[in-house]
1. Counting only Cα, what are the radius of gyration and maximum Cα-Cα distance Dmax of the stretch 1-83, in Å?
2. Using θ = phi - 60° and the Karplus curve 6.51 cos²θ - 1.76 cosθ + 1.60, what whole-Hz ³J(HN,Hα) does each residue of the stretch 181-193 get, with Gly and Pro shown as x?
3. Hey, can you list the DSSP H helices of the chain whose Cα span along the axis is 24 Å or longer and whose average Kyte-Doolittle score is at least -0.5?
4. Counting only protein heavy atoms, what percent of the accessible surface of the chain is carbon or sulfur at a 1.4 Å probe?
5. Kindly work out what percent of the DSSP beta bridges joining two residues of the chain are antiparallel, to the nearest 5.
6. Testing the spin-label approximation: label points 7 Å from Cα along Cα→Cβ at Ile258 and Leu277. State their distance in nm.
7. What do you get when you divide the Cα radius of gyration of the stretch 148-286 by 2.2 N^0.38 Å, with N the number of residues?
8. Please report the projected area of the chain's Cα convex hull averaged over all directions, in nm².
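The values are calculated or read from the model by the stated rules, or taken from the named source; none is laboratory data. Predicted model, so just to flag it, every value in this text is computed and none were measured. Quick reminder, even Gly has a Cβ in these numbers, built from the backbone with ideal geometry, and neighbours come from all protein chains shown. For accessibility, only protein heavy atoms count, side chains too; no ligands or nucleic acids. Shrake-Rupley method; radii C 1.70, N 1.55, O 1.52, S 1.80 Å.
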Amino acid sequence: MEEIMVLKFGGSSVADNEKLQLAAKRITKIYDKGKKVVVVLSAQGNTTDRLIKEANELSGNVSSRELDALLSCGEQMSTAKLSILLNYLGYPAISLTGWQAGIFTNNNNQNANIIKIDTSRIVKELNDKKIVIITGFQGIDENLDITTLGRGGSDTTAVAIAAALHAKNCYIFSDVDGVYTADPKKIENTKKIPKLSYEEMQELSSEGAKVLHNRCVEIGEKFKIPIITKSTFNEEKGTMISDTIEENKVKSIVKKEISRISIIGNGIIRNFDLIELIIGFIKKNNLELLNFEIFESKISILFKNIIEDNKIQELHKLIF
Ligand code: ADP
Ligand code: ASP
Ligand code: MG
């Protein structure tokens with residue numbers, strides 16, 4: 001049987017017609033190799049932000065059911081557009097919404113959890129040689145009402161579908177070519193991390209690195225699906241998130257809200273040189289702390305004051 005490839009493209013990767021062409025090129029290259037291809041898409045660019053803003057302009061009390069009915073439209077637009085493009089390029093493609101793809105969730109609007117996926121429609125379309133393009137971020141609840149999975153939730157759709165289809169990996173394409181030692185858009189001289197454990201990535205995501213939705217990492221770990229993050233715009237090798245455990249290697253710094261930072265790495269609790277270095281940095285900068293916690297794979301520090309990016313830059317330079 002042909003291998004099933006699950007590829008997810010984020011909002012910035014499908015932002016306009018030109019970018020859709022780039023995504024289409026990646027997809028057709030894989031399809032041409034004889035693979036079965038399932039694509040999961042986000043809404044284009046800042047569509048979801050815009051829809052939330054517009055709903056709030058209409059009402060000070062937006063119904064959570066109707067908000068999900070509205071937000072799910074963003075992904076329906078991007079998937080239909082990609083399917084139109086692929087058909088135009090001569091490829092058999094079909095777009096499926098969450099309910100058409102059999103994605104069932106609980107009824108926790110705006111933060112729903114996937115309960116099960118009935119893959120029969122997806123499998124039928126794949127067997128008919130279609131490229132199956134599925135809306136990320138949405139499903140239906142027991143009342144057949146539309147739900148959404150929380151901001152950034154298309155990653156979770158992709159990994160859940162990869163698990164349900166028993167795919168070997170799940171590829172997440174975005175505007176960065178992997179997971180870095182800090183947010184490469186904010187901090188200079190960051191380095192790409194070739195491999196991360198599920199646990200490290202989960203800590204990173206829940207501490208605020210938006211490169212992957214944290215629930216997608218949970219699902220990846222539960223069903224043993226390696227997650228590979230790559231760029232839509234270059235051919236660089238990405239980052240693989242899997243079971244690999246490397247002790248004592250500091251992986252990344254992440255900032256959550258305005259005054260909490262975390263440093264992530266398996267076995268960080270035993271990395272005494274690093275702990276000393278961080279304490280030295282805090283003393284040198286006269287930073288006041290509200291909390292300092294050390295866990296197996298994470299050190300989290302809550303400062304009394306706002307931590308500006310230049311401070312993170314300084315700490316990043318010391319550590320990496
Ligand atoms: P998409 O729209 O494709 O889902 P996101 O915007 O959700 O992409 O996630 C990618 C962004 O995550 C990057 O543009 C980057 O600014 C941010 N990011 C934050 N921390 C990191 C990190 N440690 N490594 C890589 N990217 C990071
Ligand atoms: N479109 C949704 C959001 O902007 C889901 C996603 O992009 O993953 O949060
Ligand atoms: Mg995202």
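1. 15.7, 53
2. Each residue's phi maps through the Karplus curve to give 5, 6, 4, x, 7, 10, 10, 7, 6, 6, 10, 6, 9 Hz.
3. Correct list, ordered by number: 64-88.
4. 51 percent
5. Antiparallel bridges: around 50 percent, rounded to the nearest 5.
6. Roughly 2.9 nm, to one decimal.
7. 1.08
8. Result: a mean projected hull area of 17.1 nm².
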